[in-house]
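Please read the structure below before turning to the comments.
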Amino acid sequence: MQNWREVLIAPDTPILKAIEIIDKGAAKIALVADKEKSLLGTVTDGDIRRGILNGIAMDDAVSRVMNPHPFTARSEERQETILAIMKLKRLQQIPILDQSGHITGIELLENLVQGDIRDNWVVVMVGGLGTRLHPLTQNYPKPLLKVGSKPLLETILENFMEYGFRRFYFSVNYKSELIEEYFGDGSRWGVDIRYVSESRRLGTAGALSLLPEKPRLPLVVMNGDLLTKVNFAQLVGFHRSHNAQATMCVREYDFQVPYGVVVVDGHKLTGIKEKPVQHFFVNAGIYVLEPEVLELIPPNEFFDMPTLFNKLIELQCETTVFPLREYWIDIGRMDDYERANLEYDEIFSPAGLADV
């Protein structure tokens, strides 16, 4: 990578600035270095998301979330050796150092291997009735409602295509013929679209039992009433790097108690917290599942994702959360739909913002 100097940052750089550098650069990494360009650590999207889960603020120094012991390669090593290291360690990037530990470059996995097409399947749940959006959904299914200049589901499709995904399953029910008529087999977009039809509501996980065959790679599942700018490639990479059986995307949700909260110990008043703000992580409706997880889903029965994740936790399987810091909106109500239309051009136009 020739412009690696653009991703050099000092250890006291605010995390928010590091995010800007990571998102803008092709390497999707920032290198934390001293004034002599000696490597102190690396910061990736995953490091920042883990920091968010630990409550670290965006104006904190990047040294609080950096990896101080990253894998590195030497500048004299052959590309074949570097590629083997990256595949073994599942690395997307690796800093290149000279014998003194000074940075001389970055090697990117995508530059060492051919092609950027992902073989992971994507399942989009688009069978809902959309009753909260009546009268708009009386004649059209929610995924075909226009947000901005095109149907909601078309924007979802194009977002996945941006990150190399090409094979899709749409789980349909309500007004399914209209969805199939619009999208067909996907050839208009250069992708493969297939359909699984729910004769009755099966829930966000139950519909996966209708897949005609078992996938070979991690499967991405998404509710079809969401708009987001999440990097789906980073999501799958995060899932694999944690050796997870299932990953759930989550959003931060703040709730302010409108009263003074009284702290008591038995009958004794020990304090008063005036209108405290409670912080939660909530389910964002996007998941990555290993193929074997599908075996836990009963055929042709209602089964939702929270039930599946609770089952995995009960079995002590590795489950992880991927905190979203990108734009995300659930178009469930009329005011959500109106807001999405107002924000669409700014967020999803070529000049739009990646993060909000």
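All of the numbers you see were taken from the coordinates with simple rules; none came from a lab. Predicted model, so just to flag it, every value in this text is computed and none were measured. Cβ sites come from the backbone with ideal geometry, for glycine too, and all protein chains shown count toward neighbours.
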- Note on the structure: Straight-line reach check, Lys35, cutoff 23 Å on alpha carbons, 8 or more apart in-chain or any other chain, hits among lysines -> Lys17, Lys24
- Query: Near the amide H of Val321, under 5 Å away, which other amide H atoms are found, from residues 5 or more places off or on another chain, if H is placed in the peptide plane?
  - Reply: Met248
- Task: Kindly list the residues of region 1-38 that lie in the label zone of Ala61, defined by a backbone N under 12 Å from the point 7 Å along the Cα-to-C-beta vector.
- Result: 10-15
- Query: Here are several values of volume of the Cα convex hull per residue in Å³: (i) 122; (ii) 135; (iii) 188. Which one was derived from the coordinates shown?
  - Reply: (iii)
- Query: Hey, which aspartates and glutamates would be in cross-link range of Lys28, C-alpha to C-alpha under 14 Å, not counting anything within fewer than 8 residues on its own chain?
  - Reply: Glu6, Glu20, Asp45, Asp47, Glu107, Glu110
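If you count the DSSP beta bridges with both ends in the chain, what percent of them are antiparallel, to the nearest 5?
Details: 38 of 63 bridges.
Expressed as a percentage, antiparallel bridges in the chain total about 60.
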- Message: So the label point goes 7 Å from the Cα of Lys214 along Cα→C-beta, right? Which residues of region 309-328 then have their backbone N under 18 Å from it?
- Response: 312, 317-318
- Message: Test of understanding: extend the Cα→C-beta vector of Asn283 to 7 Å, then name every residue of region 324-346 with backbone N under 20 Å from that spot.
- Response: 324-325, 328-333
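At 0.36 nm per residue, minus the direct Cα-Cα distance, what do Asp335 and Gln99 gain on full extension? Give it in nm, one decimal, please. Intermediate results must be reported in sequence, preceding the final value.
Numbers: separation 236, 0.36 × 236 = 84.96 nm, distance 5.88 nm.
Difference between extended and current length: 79.1 nm.
Neighbour counts of other C-beta atoms within 10 Å: give me Val123, Val261, Val277 arranged from fewest to most. Don't skip to the end; give the middle numbers.
Numbers: Val123 25, Val261 12, Val277 9.
Lowest to highest Cβ neighbour count: Val277, Val261, Val123.
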- Message: Only counting other Cβ atoms within 10 Å, I'd like Leu289, Leu53 sorted with the fewest neighbours first.
- Response: Leu53, Leu289
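Can you pick out the pairs among Lys214/Lys311; Lys229/Lys273; Lys268/Lys311; Lys87/Lys229 whose Cα atoms lie more than 31 Å from each other? Before the final figure, lay out each step's value.
On the way: Lys214/Lys311 20 Å; Lys229/Lys273 36 Å; Lys268/Lys311 41 Å; Lys87/Lys229 27 Å.
Distance filter (> 31 Å) returns Lys229/Lys273; Lys268/Lys311.
For Val65, Val321, which order do you get if you count the other beta carbons within 10 Å of each Cβ and list the fewest first?
Least crowded to most crowded, the residues run Val321, Val65.
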- Between Ala26 and Lys89, what length comes free when the chain is fully extended (0.36 nm per residue of separation minus the Cα-Cα distance, one decimal in nm)? 20.7 nm
- Could you work out the relative contact order of the chain, using alpha carbon pairs under 8 angstrom and six or more residues apart, expressed as a whole percent? 15 percent
